[in-house]
Amino acid sequence: MRTSLILDANYLALLMPITCGSKTSIPAFSRARQQLEAIYASNRLKLPFSGALLVGY
């Protein structure tokens, strides 16, 4: 994840559209949520953040 390269940040805030695309709708928010849940559930990859906030719009 590119966000893990951010220096001196304690928290991660991501704003994602609920869906994106006009012809074929891509569930951007749910994909981002699934990825964040998988990363934080696994001990293989540690993100340097105390927490993450995911906001769907």
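Read the figures in this text as sums done on the coordinates, not as results from a lab. Just so you know, these numbers come straight off a predicted model, no measurement behind them. Please note: Cβ atoms are built from the backbone with ideal geometry, for glycine as well, and neighbour counts cover all protein chains shown.
Between Ala41 and Tyr11, take the C-beta separation as r, use R0 = 22 Å, and let me know the FRET efficiency to the nearest 0.05. Efficiency computed from Cβ-Cβ geometry: 0.75. Here Tyr11, Tyr40 are placed in order of increasing Cβ neighbour count within 10 Å, fewest first, which gives Tyr11, Tyr40. Restricting segment 1-45 to trypsin sites (Lys or Arg not before Pro) that sit in a DSSP loop and have at most 12 other Cβ atoms within 10 Å of their own Cβ leaves Lys23, Arg44.
For Ala52, the residues 5 or more places off, or on other chains, whose built amide H falls under 5 Å of its own are Leu12. Remark: the chain carries a charge dipole of roughly 200 debye about the Cα centre, counting +1 on each Lys and Arg Cβ and -1 on each Asp and Glu Cβ.
Placing unit charges on the Cβ atoms of the charged side chains and taking the dipole of the chain about its Cα centre, the candidate lying farthest along the positive direction among Leu15, Ile26, Leu53 is Ile26.
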